[in-house]
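> Quick one: the structure is below, questions incoming.
Read-outs throughout are calculated quantities, based only on the coordinates presented, and are distinct from any laboratory measurement. None of the values given here were measured: they were computed from a predicted structure. Here the Cβ is made from the backbone with ideal geometry for all residues, glycine too, and neighbour counts use every protein chain on show.
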Amino acid sequence: MRELNRRFAWPLAAVAVLALGIWADSVQAAAADEYSSESAKASQSLLIDAAQAGKRLVVVGDRGHILFSDDQGSTWTQARVPTRQLLTAVFFLDDKRGWAVGHDAQILASSDGGATWSRQYQDLAREAPLLDITFLDAQHGFAVGAYGALLETTDGGQHWQDVADRLDNPDQLHLNGITQVRDAGLFIVGEQGGMFRSADNGQSWTKLQGPYEGSLFGVIATAQPHTLLAYGLRGNLFRSGDFGDSWQPIELKAARGTLEFGLAGATLVEDGSLVLVGNGGSVLRSSDHGQTFSVYNRADRIALAGVSGLAAGGLLLVGQGGVHLADPQGADQEVRP
């Protein structure tokens, strides 16, 4: 990984694409006046992440595509987005305020539920993507990314500051995911099993000895205090109920043996269930705060990168082939034309 050219061989998203095995053909520097191209098939193109803005669904992906749906995914509207670079993650604080990150270390913001977007930050000199973003409130947020990138804002994104020096990360290991853990603080996972936590809203960080030396592609908090799960290569999944002091491996059994596909995305749905997705069409669901999971492998074996909840327990899956509307297990609700 370290020997690859940063501009042309970085995966489409370290969180999703390393697990998916999809690689960028090229990464072109985005001109300031470039907007994502309109496409009637944007909802069927490569998409990396999904989020809910109130009742609205928002998805992001290749070529700067951002789409939103107000009818539970039946139809999609393409937003006007000031980039053609791949977007790797999206986060909404409420039904109006949201942020997306991607290549060229870009951070985009929306104040109208994802209908329109503006660029808040870009650093072409980094030649590497940002990979995840979260906000504690309307003013205070963090973004993480390749080569140890850690950015902070305290004014809603009007200004972003590089605060990577707060981490004990001398090798600049890639930071792939960040989440806020209930009643505990912030948690980051990344390359070579890297783990960092903060109990003071990101002002100081502690480096942890994790349970795994392979790459972790993401981290998600459960509805329980102090409880989170970290996931990554070859179906590796770990749960902690004490904010990372100790970890328990979660054994995942698929219909034909142990799950070995990489896990790339996760969400906490309205009923408190956790859903994880990954390569090989794998959809995992837990109703006991991540202690056990059911495993469903879709027949199409598509590579999945992100997931969000739908009404009545259904799922919105994104990845290879764009958006897929699924039942609570992960099977398609309908066949798309």
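> If you project the alpha carbons of the range 265-337 onto the principal axes, what extent comes out on each, in Å, largest first?
That works out to 35, 24, 16 Å along the principal axes.
> Right, here's the next one. What size of dipole, in debye to the nearest 20, comes out for the range 167-249 about its Cα centre when the only charges are +1 on Lys and Arg C-beta atoms and -1 on Asp and Glu C-beta atoms?
For the range 167-249, the charge dipole is close to 240 debye.
> Kindly provide the GluC sites (Glu not before Pro) of the range 247-337 that DSSP labels as loop, not H, G, I, E or B, and whose Cβ sees at most 13 other Cβ atoms within 10 Å.
Hits after loop and neighbour filter: Glu251, Glu270, Glu334.
> As a test of the formula, what do you get for the chain when each DSSP H run with n ≥ 4 contributes -39,500 (n - 2.57) and the sum is divided by the residue count, at 222 nm and rounded to the nearest 500 deg cm²/dmol?
Calculated from helices alone, the mean residue ellipticity at 222 nm is 0 deg cm²/dmol.
> Hey, another quick one. Out of the trypsin sites (Lys or Arg not before Pro) in the range 85-129, which ones are loop residues according to DSSP with at most 16 other C-beta atoms within 10 Å?
Lys96
> Let me ask another. If a/c stays under 1.5 just call it rounded; otherwise compare a/b with b/c (prolate if a/b is bigger, oblate if not). Do that for the range 167-249, with a ≥ b ≥ c from the square roots of the Cα gyration tensor eigenvalues.
oblate
> For the chain, what does the alpha-carbon gyration tensor say about shape, rounded, prolate or oblate, given a ≥ b ≥ c as the root eigenvalues, a/c under 1.5 as rounded, and a/b over b/c as prolate?
Taking the square roots of the gyration eigenvalues as a ≥ b ≥ c, the chain is rounded.
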